[in-house]
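> Structure in structure tokens, see below.
The values are calculated or read from the model by the stated rules, or taken from the named source; none is laboratory data. All figures in this text were calculated on a predicted structure; none of them were measured in a lab. When we count neighbours, we look across all protein chains shown, and the Cβ atoms used for this are built from the backbone with ideal geometry, even at glycine.
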Amino acid sequence: MARFPLPGVPSRLLELEVADVSRRGAPTAVLVRSAPEPVEVAGVRHSGKTGEVRVAAGPVRWVVGVGDGEPKDWRAAGAALVRAIEEDPVRTAQVELDGEVQGEHVAELATGALLGGYQFKVSAEGAKPGLQTLRLLTPFERAVPAYEELLEKVRGLAGAATLARDLANTPSNIKNPAWLADTAARVAGGLPGLQATIRDEQWLAQQGFGGVLAVGGGSASPPRLIELTYRPRGASRHLLLVGKGITFDTGGLSIKPAAGMHLMRTDMAGGAAVIAAIRAIAAAKLPVRVTALVPAAENHVSGGSYRPGDVVRHYGGITTEVSNTDAEGRMVLADALVYGIRRFRPDAVVDVATLTGAMKVALGVRTGGLFATDDDLAQRLLAAGERVGEAWWRMPLLEAHADAVRGELADVRQAPGGPGGVTAALFLREFVDGVPWAHLDIAGPARAESAYADVVPGATGFAARTLVELAESYA
């Protein structure tokens, strides 16, 4: 175990206040929209460029650009402001909102402020003191209650993204399947209607979770199945969420290149998003039944590793011919999908995974790939992502490649070649038994190398907010 302090999980969010009265002595930020010519504010000239922060000397300390005022501009401004304040630093600051600001602007600014200052650093010094409270100043007293109500939802969504970041950023010498399972149970504790059940390797063997056991067989840390259930009274719809929980991925015997392997601590970002989402759904008391499953394993190299050419029998009986041990995510998801559908009988299923490098090639690193067998579910996910600022692009389940996943030695082939993102989705479709299903491939946007908008380097928490908003759409 670590001999130094680890950041708390979940991280503490910045305190946000709404008021119509300034706090005496608190340094202030003002917002500037883009204009043809720079304007002078508090002694500094500013173009209004999105996210540009100029530091002034006086009660008005920061001048922040919000560009043309699009939602993404307000998010970027909130994030840039918090990062600038951290350079100061002060414990309390305030932002002046003019009479043109609407509720959606407040929500986006707050989202940027809550997520843009996120830090996860393992240090002997522990966390350094920084900004604790940001007060949003409105000129209208009547707007305070409405803005507070908006911020309550923003805090829930930001909390989900933050927890997902925490889980994915935790180093894998700490985060093995048992740690992830124990942490999921802990953060779920105390929320009404939310229960956690952790299944160990003995239970997985008894039940026939061949995919999870094969992937986890090479590690000294045995696999787990994390099962979180939220059952509010009166709920008429049931959503099943399944997240890939590979706590570290060497690639197994089909070992990865060394250059990028350190990033594989975030290979459970799909599982992190699912855990964070159901926690936020329960905290918001949404009247939708949700079950979350995270098959957690470490894909390692040893005499117990599964091999290319092996045939694995999944939960439910379908057999898979292994082509590449680095295509392990679909192996564990297959078990969990069949188990979840047969046991819980959901109305719709969504799985989330950092599944294929091919999706990064297709869509880059800021957009998630969405595959779906059901148009209504696909549209709900696209709309949910748009509302929370997460970009998705619907990809085709190309029937021309469906035969490629049919096996010769077994029922299906794990990694048949061809368009990798598409064939991975087609492989998973073999395990969903006709239930409305969507597959979210977040291999690109789950990680970031540099800051942009409300994203910071490391794990991004991508998909957690979309899943919460999806559940609300059923409510």
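> Determine if segment 256-275 includes at least one residue that is on the phi < 0 side of the Ramachandran plot, of a type in the set (Ser, Thr, Tyr) and touching a Gly at 6+ places or on another chain (Cβ under 7 Å).
no
> Additional query: Look through Leu134, Leu157 and report the one residue that is surrounded by 24 or more Cβ atoms within 10 Å (Cβ to Cβ), outside the structural domain of Pro27 (by TED's automatic domain parsing) and either under 30 Å from Gly243 (Cβ atoms) or not basic (Lys, Arg) (or both).
Only one candidate qualifies: Leu157.
> Would you mind telling me which numbered condition in (1) within 28 Å of the chain's Cα centre (by Cα); (2) free of Cβ contacts under 8 Å to residues at least 60 places away in the same chain; (3) more than 20 Å from Leu134 (Cβ to Cβ) Leu6 fails?
Just one mismatch for Leu6, condition (2).
> Let me ask something else about it. Which residues, counting only those in segment 322-352, are part of a loop (DSSP other than H, G, I, E, B) and either under 24 Å from Ser236 (Cβ atoms) or under 23 Å from the mean Cα position of the chain (by Cα) (or both)?
Asp326, Ala327, Glu328, Arg345, Pro346, Asp347
> Would you please name the residue that is surrounded by the most Cβ atoms within 10 Å (Cβ to Cβ), looking only at residues in segment 452-475 that are under 13 Å from the mean Cα position of the chain (by Cα) and in a strand (DSSP E or B)?
Ala459
> Report whether or not Gly260 is at pLDDT below 95 and of a type outside the set (Ser, Thr, Tyr).
The answer is yes for Gly260.
> Turning to a different aspect of this structure: Could you grab me the full set of residues in segment 412-451 that are within 21 Å of Asp326 (Cβ to Cβ), surrounded by fewer than 24 Cβ atoms within 10 Å (Cβ to Cβ) and among the acidic types (Asp, Glu)?
The one that is within 21 Å of Asp326 (Cβ to Cβ), surrounded by fewer than 24 Cβ atoms within 10 Å (Cβ to Cβ) and among the acidic types (Asp, Glu): Glu430.
> Could you tell me how many of the residues in segment 22-43 are touching a residue at least 40 places away in the same chain (Cβ under 8 Å) and among the aliphatic types (A, V, I, L, M)?
4
> A further question on this structure: On the basis of being outside the structural domain of Val106 (by TED's automatic domain parsing), under 27 Å from Val432 (Cα atoms) and either of a type in the set (A, V, I, L, M, F, W, C) or in contact with a helix residue (DSSP H, G or I) (Cβ under 6 Å, 6 or more places away or on another chain) (or both), does Gly217 make the cut?
no
> Scanning segment 164-202 for residues that are free of Cβ contacts under 8 Å to residues at least 40 places away in the same chain and part of a loop (DSSP other than H, G, I, E, B), which turns out farthest from Val294 (Cα to Cα)?
Within segment 164-202, the match that is farthest from Val294 (Cα to Cα) is Gly190.
> Quick check on Ala378: is it small (Gly, Ala, Ser) and surrounded by 20 or more Cβ atoms within 10 Å (Cβ to Cβ)?
no
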